[in-house]
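Student: Below is the structure I would like to discuss, written out as structure tokens.
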Amino acid sequence: MSSSLSFEQIKKKYLRVFLALMVLTVVTVSVNLLHLGGMTAIVVGIAIAVFKASLVVAIFMHLRFDDTRLRYFVYVPILFFLVLVLTLTNLGL
């Protein structure tokens, strides 16, 4: 993380991310309780999970503050995985 941030600023940022993760967990459980239907519930649940994972990777694993080239080593395989999943399922565009 950048050394220009004080401990209090870092602590607030981590607390905001933690609260966002808790809210998204409640949203995930709520979607499950709504019984939206098979594919809709799965797509919404996966979308929320991907967003939560991106928060963890960006903030807690400090990927947001690393070199841009390092980000490509994370994002490109995820993109290939998504293309593979969309190709092998009926969710293809």
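Student: Restrict the check to the stretch 54-71 and report whether at least one residue is more than 14 Å from the chain's Cα centre (by Cα) and touching a residue at least 60 places away in the same chain (Cβ under 8 Å). Walk me through how you get there before you give the answer.
Tutor: Step one: of the stretch 54-71, the residues more than 14 Å from the chain's Cα centre (by Cα) are 65-71.
Keeping just the survivors that are touching a residue at least 60 places away in the same chain (Cβ under 8 Å) gives 65.
Checked the stretch 54-71: at least one residue is more than 14 Å from the chain's Cα centre (by Cα) and touching a residue at least 60 places away in the same chain (Cβ under 8 Å).
Student: Identify the single condition in (1) open to solvent by 60 Å² or more (accessible area, probe 1.4 Å); (2) at pLDDT below 85; (3) out of contact with any helix residue (DSSP H, G or I) (no Cβ under 6 Å at 6 or more places or on another chain) that MET1 does not satisfy, given that it satisfies every other one.
Tutor: (3)
Student: Right, next: If the requirement is being in a loop (DSSP other than H, G, I, E, B), among the aliphatic types (A, V, I, L, M) and out of contact with any His (no Cβ under 9 Å at 6 or more places or on another chain), which of these qualifies: LEU55, LEU33, LEU21, LEU5? Spell out how you get there, then give the answer.
Tutor: On the way: LEU55 fails: in a loop (DSSP other than H, G, I, E, B); LEU33 fails: in a loop (DSSP other than H, G, I, E, B); LEU21 fails: in a loop (DSSP other than H, G, I, E, B).
Residue meeting the stated conditions: LEU5.
Student: Suppose the filter is open to solvent by 70 Å² or more (accessible area, probe 1.4 Å) and among the aliphatic types (A, V, I, L, M); does LEU55 pass it?
Tutor: no
Student: For LEU33, state whether it is over 18 Å from the mean Cα position of the chain (by Cα) and more than 27 Å from VAL85 (Cα to Cα).
Tutor: Details: over 18 Å from the mean Cα position of the chain (by Cα): yes; more than 27 Å from VAL85 (Cα to Cα): no.
The answer is no for LEU33.
Student: Looking at (1) open to solvent by less than 80 Å² (accessible area, probe 1.4 Å); (2) out of contact with any helix residue (DSSP H, G or I) (no Cβ under 8 Å at 6 or more places or on another chain), which is the one condition that is false for VAL17?
Tutor: Of (1) open to solvent by less than 80 Å² (accessible area, probe 1.4 Å); (2) out of contact with any helix residue (DSSP H, G or I) (no Cβ under 8 Å at 6 or more places or on another chain), only one is false for VAL17: (2).
The values are calculated or read from the model by the stated rules, or taken from the named source; none is laboratory data. Source: prediction; values computed, not measured. Every residue, glycine among them, receives a Cβ derived from its backbone with ideal geometry; neighbour counts consider all protein chains shown. We work out accessible area using only protein heavy atoms, side chains counted, and drop any ligands, DNA or RNA first. Shrake-Rupley method; radii C 1.70, N 1.55, O 1.52, S 1.80 Å.
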